[in-house]
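Beneath this line is the structure, given in structure tokens, with notes to follow.
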Amino acid sequence: FGLQVKDLKESIAINERALADVSNTGATFKRQQASVMEKFQRIEHQAALKLEAAASYVEEALKSKEAVEAENAAAAAKAAEDEAVIRCIRERMQDLQAAHDSTVRNVLDKYAMLRQTVAEHNRALQQLFKATGNRSIIGNNFMQVV
């Protein structure tokens with residue numbers, strides 16, 4: 001019976017040490033679990049902040065893109081308007097140049113006709129002077145040319 005008690009006490013001591021080891025291991029696991037959970041929560045929080053920052057960046061980028069597209073559309077409309085104005089100005093310049101060229105031709109034609117008329121008049125006067133003996137005719141009076 002004494003041996004059994006001794007064996008039982010030894011068995012109890014072994015079991016108590018095993019229990020202490022298991023308790024220590026459990027406490028270590030709980031500390032490690034708490035540490036892992038804390039790291040996980042910290043990473044989760046950082047991920048949420050980064051996700052929020054990324055969403056904000058995307059939103060700002062979309063607004064910026066829309067603003068740039070609006071500016072481009074306005075610039076394209078202004079360019080089209082300017083092209084239309086330039087086209088109108090060029091057409092008007094061509095019309096004015098054609099009118100100017102026509103006016104110049106008309107003036108030159110009239111000038112040529114005037115020169116021809118003056119030349120014919122001069123020839124007629126020269127013939128008249130030759131015929132009248134170099135006398136000038138004013139009205140019905142004949143005057144001698146000096």
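Couple of notes before you dig in:
- Every residue from region 57-69 that is open to solvent by less than 60 Å² (accessible area, probe 1.4 Å) and under 15 Å from the mean Cα position of the chain (by Cα): 67
- Checking region 27-44 against the condition returns a match, with at least one residue being over 60 Å from the mean Cα position of the chain (by Cα), among the hydroxyl-bearing types (Ser, Thr, Tyr) and in a helix (DSSP H, G or I).
The values are calculated or read from the model by the stated rules, or taken from the named source; none is laboratory data. What you are looking at is a predicted structure, and each value in this text was computed from that prediction instead of being measured. Protein only, heavy atoms only, side chains kept; ligands, DNA and RNA dropped before computing areas. Shrake-Rupley method; radii C 1.70, N 1.55, O 1.52, S 1.80 Å.
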